[in-house]
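Since the structure comes first, as structure tokens, the remarks are kept for the end.
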Amino acid sequence: MDVETLFFVEASLLFLFGLTMIVTSLGQQTSQCSDYWFAASNMIGAAGLLLHALFPHPLLFTVLVPNVLLFIELSLLNKAIAEFVQHGRRIWLGLLVLSVAMTITSVRIVFLHLNPGLIVDCLSIITITTATCSAILLFRFGGVGSRTASRIMGTLFALYALNNLAHMVDGPQHLSLRFYHLWFDRTVIAVMSFGYILMTAARLRNRLEQQANTDHLTGTLNRRAVEHAARMLVTRKHSRPQCVSALMLDLDNFKGINDTFGHHAGDLALQALADCLRETMRTTDLIARLGGDEFLVIMSGTTDLDAHLTADRLRSHISAVRIQSDRGYFRIRASIGVTSVDGRDFSVESLIRLGDQALYAAKFKNHQADPFAPMSLAELNTLHPAAI
């Protein structure tokens, strides 16, 4: 296979990858702008290779225009990576300036009839720099859910940089290696398209898993997710905690909040309660909304005394929250049931059942102490002026 045929085949593949990515991204809410940057990079690269394959003799099409398009291709490719990992946008601007400088240098070399090897050096400098920066971004900021795919893609960029470095070192005295370097270059570029698709698929799968495991209103885990996470504690026999505690809680007079201040205020109350849980609990604790205004917190390695102290802190935190709605300000109050079980043989179902019983007991105790759940500031002033 000669160089022109290699470029024609590679151009067809890049054009097909770019077109496929654009078509699949259209109309999808989960698509990112990085998809379009990557597709544009493939399209530009395909155009440059087609010019090189269709017009093999004129210097303008064999050297100048393809190299300029390659500079643009690499800049767009790095922009796609920067957008995907959401880092390195300043690095991309620096590489864009470098690409413009190398493009101007290539033009001067062509029109001043200088050594053509200088164009190869310009091309190698920008490709090595761009590929190295992209590899670093992917290795450092691959992201949760696509880390393995990002590392594969980073490895491809590293190989691309090493091949261009070897091409630069070999120079014109090793013309027999030219086809090998070109073949390896274009093969890595083609495989990068598969690597990018692998990264986007991994990120999409992770996003869908998060959506399936997260309560959309409060951002906490849902019941299915917390049950699965709690079962993981059971299966980890070697690291199983001696004691597991749970807090089962719900809002007092949640129906009254909805009736008095509207259902949007009820949503605000649930979100405020979830925020209190996140601010009070440890990062290792499992926080979930089971349904309605009922929440569950599972704490591994926590004694019954520690769980009660945590519940007291949480209760104080919740009572200090002041929520603004369209119909005025109001406060919330929660009943909290505390339960602890042996971590060596507990089950999720028994933990939830015991938590429900503890919650009912807490609600009965609160009702005995104060049968009226405070809602608005005016009502709080009437019932408990000192609490405001």
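The values are calculated or read from the model by the stated rules, or taken from the named source; none is laboratory data. Values in this document were obtained by computation on a predicted structure and should not be read as measured data. Note that each Cβ is placed from the backbone with ideal geometry, even for glycine, and that neighbours are counted across all protein chains shown.
With respect to Asn115, is the statement that it is outside any loop (DSSP other than H, G, I, E, B) and modelled with pLDDT under 75 true? No: the conditions fail for Asn115. Within the range 271-290, residues that are over 21 Å from Thr302 (Cα atoms) have Cβ atoms under 6 Å from residues that are crowded, with 18+ Cβ neighbours inside 10 Å and modelled with pLDDT under 95 in these pairs: Gln271/Thr218; Leu290/Leu296, counting only partners at least 6 apart in sequence or on another chain. Criterion applied to Asp312, Asp275, Asp267, Asp293 was being among the charged types (D, E, K, R) and in contact with a strand residue (DSSP E or B) (Cβ under 8 Å, 6 or more places away or on another chain), and the one residue passing it is Asp293.
Residues in the range 69-91 include at least one that is at positive phi and at pLDDT 80 or above. Scanning the range 327-355 for residues that are modelled with pLDDT of 85 or more, surrounded by fewer than 20 Cβ atoms within 10 Å (Cβ to Cβ) and of a type in the set (D, E, K, R) gives Arg333, Arg353.
One residue stands out among those in the range 310-326 that are over 16 Å from Glu279 (Cα atoms) and buried (at least 16 other Cβ atoms within 10 Å of the Cβ): the one that is modelled with the lowest pLDDT, which is Ser325.
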